[in-house]
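Notes to accompany the following structure.
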Amino acid sequence: MSDSLQLLYLTDADKHVQAVQIPWELWRKIEPLARPVLDSLMKPSSEEPVEPLPAFEEFLHYWDFRYPYSPAVNCPHCGAATQNWRDDPAHPFRLTNANLGGLLVFHCRACGATIRQKHFRDHMAVEHTAPKA
Ligand SMILES: [Zn+2]
């Protein structure tokens with residue numbers, strides 16, 4: 001092993017390896033290779049409930065309000081915002097409920113607030129519930 005490949009294994013009291021430290025120069029070389037793997041591992045866990053997309057599709061299908069549907073979502077609590085909650089790669093909002101009555105409920109992933117978009121015939125109203133302390 002050359003001097004530039006000094007890996008430092010961090011072990012617990014029982015000598016089980018817990019982590020590996022690698023030199024910055026080495027990390028810079030392998031980061032482009034490691035990043036896609038790390039990103040996929042750090043994606044939201046599958047324990048998050050599935051978004052009710054079929055209900056949302058139905059909501060859109062029966063849309064008969066007097067204005068076009070807007071996929072923009074804003075969090076009144078922390079200011080997070082997206083122009084399109086479905087296409088935004090950061091996916092700052094998770095849909096938690098959709099119904100034909102015109103209600104869309106989102107969870108703000110930044111602060112945990114609940115955002116309710118209530119669609120009425122002529123306008124859409126937004127209500128929110130602050131995250132639990
Ligand atoms: Zn928020």
Cα-derived Rg over Rh, computed across the chain with Rh taken as Kirkwood radius: 1.20
Coil-residue chymotrypsin sites (Phe, Trp or Tyr not before Pro) of the range 40-133, DSSP, other Cβ within 10 Å capped at 15: TYR62, TRP63, PHE65, TYR69, PHE120
On Cα atoms only, tilt of 24-41 relative to the major axis of the chain in degrees: 40
Partners for LYS43 among lysines (Cα-Cα distance below 29 Å; same-chain residues under 8 apart left out): LYS29, LYS132
The chain - percent of accessible surface contributed by carbon and sulfur, probe 1.4 Å: 56
Computed Rg/Rh of the range 25-103, alpha carbon atoms with Kirkwood Rh: 1.13
With at most 10 other Cβ atoms within 10 Å, longest stretch of the chain clear of loop trypsin sites (Lys or Arg not before Pro) (DSSP): 67-120
Rg over Rh [alpha-carbon atoms, Kirkwood Rh] for the range 83-133: 0.99
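Mind checking the dipole of the chain: about its Cα centre, +1 per Lys or Arg Cβ, -1 per Asp or Glu Cβ, Debye to the nearest 20? Let's see the in-between values first.
On the way: 13 positive and 16 negative charges, 66 e Å.
Computed charge dipole of the chain: roughly 320 debye.
Taking only protein heavy atoms and a 1.4 Å probe, what accessible area per residue, in Å², does the range 84-127 have with all protein chains in place? Show your work: numbers first, answer last.
Details: 2160 Å² over 44 residues.
Per-residue accessible area for the range 84-127 comes out at 49 Å².
The values are calculated or read from the model by the stated rules, or taken from the named source; none is laboratory data. Not measured: the values here are computed from a predicted model. Glycine also receives a Cβ, built like all others from the backbone with ideal geometry; neighbour counts cover every protein chain displayed. In case anyone asks, the SASA skips ligands and DNA or RNA and just uses the protein heavy atoms, side chains included. Shrake-Rupley method; radii C 1.70, N 1.55, O 1.52, S 1.80 Å.
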